[in-house]
Every structure is written in structure tokens, then in C-alpha cells.
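In what follows, a single structure is set out as C-alpha cells and then discussed.
The values are calculated or read from the model by the stated rules, or taken from the named source; none is laboratory data. Note that this is a predicted model, so its numbers are computed, not measured. Every residue, glycine among them, receives a Cβ derived from its backbone with ideal geometry; neighbour counts consider all protein chains shown.
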Amino acid sequence: MKTKIIPNIFISVAVFFALTGLLAADKLQPTFTTFDAPGAVNTFCVAINPAGVIAGGYTDANNLLHGFMRAKDGTFTTYEAPGAGTGPGQGTGPNGMNSEGDVTGNVTDASNVTHGYVRAKDGTITNFDAPGATVAFGTVGFGINPAGVIAGIWGDSNMIHGFVRAKDGTITEFDPPGSIGTFMSEGGCINPAGLIVGVYLDASFVPHGFVRAPDGTITTFDAPGAGTGPFQGTGATCINPTGTIDGGFTDSNNVNHCFVRDADGTFTTFDVPGAGTAPNQGPLPMAINPRGTIAGWYIDASNVKHSFVREANGVITTFDVPGAGTGPGQGTMSGVNNPAGAITGSYIDSNNVFHGFLRTP
């Protein structure tokens with residue numbers, strides 16, 4: 001009987017593919033940490049910085065809103081902005097955090113008037129109001145960059161406007177041309193260079209995206225395929241240090257889609273596998289990190305929420321947090337991602353309760 005000899009090269013190749021298969025499987029298994037702020041009924045996460053510090057807010061049993069910081073080791077610090085009301089729907093809400101750990105947001109007082117605030121890393125909190133802000137709406141800080149410049153919105157008796165607040169407290173108000181309402185998203189609406197992105201409504205209630213340069217120049221844009229009917233159109237969500245913008249658009253059938261706009265104005269549109277195609281379904285991008293990785297979530301055909309990550313090369317991974325509900329309106333909602341690819345957000349369980357989560361690669 002002859003013994004069949006298998007060349008060593010084939011054994012090596014087999015071992016190589018076996019090992020790389022195992023390594024790939026390991027690489028594709030992220031770690032999930034779920035948590036609730038102390039005393040929370042519902043927990044919401046809005047930001048994570050390069051150090052892994054998470055900023056967020058929570059509601060208590062009286063429906064009062066509070067702010068929190070969660071350190072990388074899981075330690076919580078809760079806080080209230082000066083003048084925060086103590087009635088239902090009042091209190092302190094964070095919206096954005098910079099790499100230094102400074103937070104901006106809004107505080108609603110006992111008279112239901114909303115003010116902006118900035119919380120320094122050392123815990124010092126300063127409230128502020130945009131000139132002309134009225135009791136009907138007030139002032140909200142949405143994003144803060146490493147230099148301490150804040151972007152946000154304020155309202156008068158007629159409409160919502162944008163503002164930028166310098167670190168020294170100077171506030172400059174603005175609106176894109178033709179705007180009857182200017183809006184921004186929490187978290188990354190302002191980058192280190194001071195570029196601000198958002199969405200505005202025109203006189204026909206069609207949304208358009210915009211980017212505002214530090215010198216006040218505003219460029220407006222529309223994503224390819226965006227609808228032109230009321231509340232269809234384009235909205236910019238976040239801008240990273242290279243000037244790349246992520247955002248969403250609603251088509252003429254009222255279905256949501258995503259886009260990436262490079263600094264030179266080039267658009268790439270995309271959809272997420274599994275996203276629903278009925279009105280008000282589809283993907284919603286929430287953040288883009290310095291590497292161009294986008295974090296967001298989508299609504300499927302059953303109106304359940306799931307999250308996704310899109311790498312700069314276009315590869316999309318979808319995920320659900322363990323414990324997320326599977327009924328309509330429930331599921332996983334990614335908020336923001338940091339340079340290392342860690343993602344924070346919230347998930348809604350089968351009892352319709354919100355919890356925080358951290359997903360690490």
C-alpha cells in the first residue's frame with residue numbers, strides 16, 4: 001500500500017485559511033455593554049469622545065430630565081444646569097460633547113423657558129441665551145468643537161434660527177438664504193475648523209442641507225434623488241475634521257436614504273440592507289468619525305429599529321443590541337461613534353423602556 005503524501009504547502013494554505021477564518025470571525029464580534037444612569041427610568045446617550053467618555057441624559061420617575069457623564073470605567077456623574085426646573089418635562093438635556101469633555105445642551109426652567117448651556121470638563125456650567133430668543137422656544141446648544149465653539153438654534157415669535165457661540169460667549173445668529181426655519185442635529189454638527197452643517201426649510205417647506213464656514217459663508221445643497229415636495233428633501237447631520245458630511249434625504253415616495261458629501265461637493269448615496277421601503281422607513285445616519293465611518297440606524301418593513309455602521313470603503317454592517325425589543329417602534333438606535341470606532345446610543349426594550357449601550361469593535 002502506498003501512503004499518499006500531501007505537500008506541506010497545501011497544509012500551510014489550509015492552516016492559513018482556517019486561522020484567517022477564525023481571526024475574521026473574532027474581528028466581527030464586537031463587545032456590547034448596556035447600562036442605565038442612576039435613578040433612570042429612560043436613558044439616552046448623545047456623545048462619546050476619544051477617551052471613551054459618554055455624555056447623555058435620563059428621565060426619572062417624575063419625567064424630569066437630568067444630564068450624566070459616564071467614564072470609560074463605567075463610573076457615572078450626574079448633573080443639573082443652574083435654574084433647571086423640577087416639573088415634568090423640565091430639567092437638563094445634553095446634546096453634544098467635544099474631545100475635551102465639554103458638553104453643550106439645553107436647560108428648561110420652572111417657567112418652561114429653554115436656555116442653552118455649556119458644561120466644562122471640571123463641572124462648571126454656564127447658561128446662555130441667544131439675543132432675541134423668546135419664551136416660546138428659547139435657545140438650544142447642539143454641538144461643541146475642541147475650541148469650545150458651540151453651534152445651535154434659537155427661536156423668536158416667527159421661526160427657528162441658527163447661531164454660533166464663540167468660547168468668549170459672543171453669539172452670532174444666522175440663517176441660510178431663503179430659510180423659514182434652520183435646524184441642526186445633536187453631536188457632530190460642528191467640526192474642529194468651525195464648519196457647521198444642518199438643514200433648513202424653504203417657503204414651500206422643502207428641506208435642504210447647508211454648510212456654514214467660519215467666515216459666515218453658507219453653501220446650500222441637495223442630495224441626488226431627494227424629493228421636492230413638502231418635508232421631502234435633504235438634511236445634513238454631521239461633519240468630520242476633513243469636511244466630509246453625512247446626512248439623509250427623503251425621496252418623492254417619502255422613503256429615507258443616506259448620503260456622504262465629500263469636501264469637494266461630491267455625493268455618494270447609499271441604502272442599508274434590510275431597511276424598509278415604505279414611507280417613513282429607511283436608514284437615518286447619525287454621525288461620521290475622522291476615518292469616515294458612519295454610524296446610524298434604520299427602520300425595517302415591520303417598523304422595528306436596527307443599527308448600522310458604514311465604513312469609508314462602503315462596507316455596511318448591521319447590528320442589534322442584546323435585549324432590544326423586536327416590536328414596532330422598538331429596537332436599537334446608534335447615536336455617535338468616536339475615532340476608535342466605539343459607538344454609543346440607546347435601545348428600546350420590549351417594555352418600551354430606553355437604555356444606553358456601548359459597542360466597541
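Observations on the model:
- Matching strands (runs of 3 or more DSSP E) fully within the stretch 85-134 where at least 2 residues are in contact with a strand residue (DSSP E or B) (Cβ under 8 Å, 6 or more places away or on another chain), closer than 17 Å to Ile150 by Cβ and among the hydroxyl-bearing types (Ser, Thr, Tyr): 114-119
- For the stretch 135-159, the set of residues classified as assigned to a strand (DSSP E or B) and of a type in the set (Ser, Thr, Tyr) consists of Thr139 only.
- Among residues of the stretch 348-361, those that are in contact with a Ser or Thr (Cβ under 6 Å, 6 or more places away or on another chain), surrounded by fewer than 24 Cβ atoms within 10 Å (Cβ to Cβ) and not aromatic (Phe, Trp, Tyr), counted: 3
- Qualifying residue in the stretch 292-313 (condition: in a loop (DSSP other than H, G, I, E, B), of a type outside the set (Ser, Thr, Tyr) and in contact (Cβ under 8 Å) with a residue 60 or more places away in the chain): no
- Of all the listed residues (Gly227, Gly181), the sole one being free of Cβ contacts under 8 Å to residues at least 40 places away in the same chain and closer than 20 Å to Val140 by Cβ is Gly181.
- Among (1) loosely packed, with under 15 Cβ neighbours inside 10 Å; (2) under 17 Å from the mean Cα position of the chain (by Cα), the one test that Ala301 misses: (2)
- Subset of the stretch 310-342 [within 16 Å of the chain's Cα centre (by Cα) and of a type in the set (Ser, Thr, Tyr)]: Thr332, Ser334
- Given (1) surrounded by fewer than 17 Cβ atoms within 10 Å (Cβ to Cβ); (2) within 19 Å of the chain's Cα centre (by Cα), number of the condition Val211 does not satisfy: (1)
- Being crowded, with 17+ Cβ neighbours inside 10 Å, farther than 29 Å from Pro50 by Cβ and among the small types (Gly, Ala, Ser) holds for only one residue in Gly187, Gly181, and it is Gly181.
- Residue in the stretch 284-297 that is touching a strand residue (DSSP E or B) at 6+ places or on another chain (Cβ under 7 Å) and more than 25 Å from Thr242 (Cα to Cα) present: no
- Selection status of Gly52, assigned to a loop (DSSP other than H, G, I, E, B), in contact with a Lys or Arg (Cβ under 7 Å, 6 or more places away or on another chain), modelled with pLDDT of 95 or more and surrounded by fewer than 19 Cβ atoms within 10 Å (Cβ to Cβ): yes
- Among (1) outside any strand (DSSP E or B); (2) touching a Gly at 6+ places or on another chain (Cβ under 8 Å); (3) over 22 Å from Gly56 (Cβ atoms); (4) free of Cβ contacts under 8 Å to residues at least 40 places away in the same chain, the one test that Gly325 misses: (3)
- When Pro285 is tested against the conditions (1) crowded, with 23+ Cβ neighbours inside 10 Å; (2) outside any strand (DSSP E or B), the lone failure is (2).
- When residues of the stretch 314-347 are limited to those that are of a type outside the set (Val, Ile, Thr) and in contact with a Cys (Cβ under 8 Å, 6 or more places away or on another chain), the one surrounded by the fewest Cβ atoms within 10 Å (Cβ to Cβ): Ser346
- One residue stands out among those in the stretch 304-313 that are of a type in the set (D, E, K, R) and crowded, with 22+ Cβ neighbours inside 10 Å: the one that is farthest from Thr244 (Cα to Cα), which is Lys305.
- Thr277 β-branched (Val, Ile, Thr), part of a loop (DSSP other than H, G, I, E, B) and either under 27 Å from Gly345 (Cβ atoms) or at pLDDT below 95 (or both): yes
- Sole exception among (1) under 24 Å from Val309 (Cβ atoms); (2) at pLDDT below 95 for Val13, by number: (1)
- Beta carbons closer than 7 Å, at least 6 apart along the sequence or on distinct chains, pair a first residue in the stretch 155-173 that is without any contact (Cβ under 8 Å) to a residue 40 or more places away in the chain and farther than 10 Å from Ala133 by Cβ with a second that is surrounded by 13 or more Cβ atoms within 10 Å (Cβ to Cβ) and aromatic (Phe, Trp, Tyr) for Ile160/Phe137; Ile160/Phe183.
- Qualifying residue in the stretch 129-145 (condition: under 27 Å from Pro339 (Cα atoms) and surrounded by fewer than 24 Cβ atoms within 10 Å (Cβ to Cβ)): no
Condition check ((1) surrounded by 15 or more Cβ atoms within 10 Å (Cβ to Cβ); (2) closer than 30 Å to Gly329 by Cα) across all residues:
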{"site": "Gly216", "(1), (2)": "no, no"}
{"site": "Thr220", "(1), (2)": "yes, no"}
{"site": "Gly233", "(1), (2)": "yes, yes"}
{"site": "Thr244", "(1), (2)": "yes, no"}
{"site": "Asn256", "(1), (2)": "yes, yes"}
{"site": "Val272", "(1), (2)": "yes, yes"}
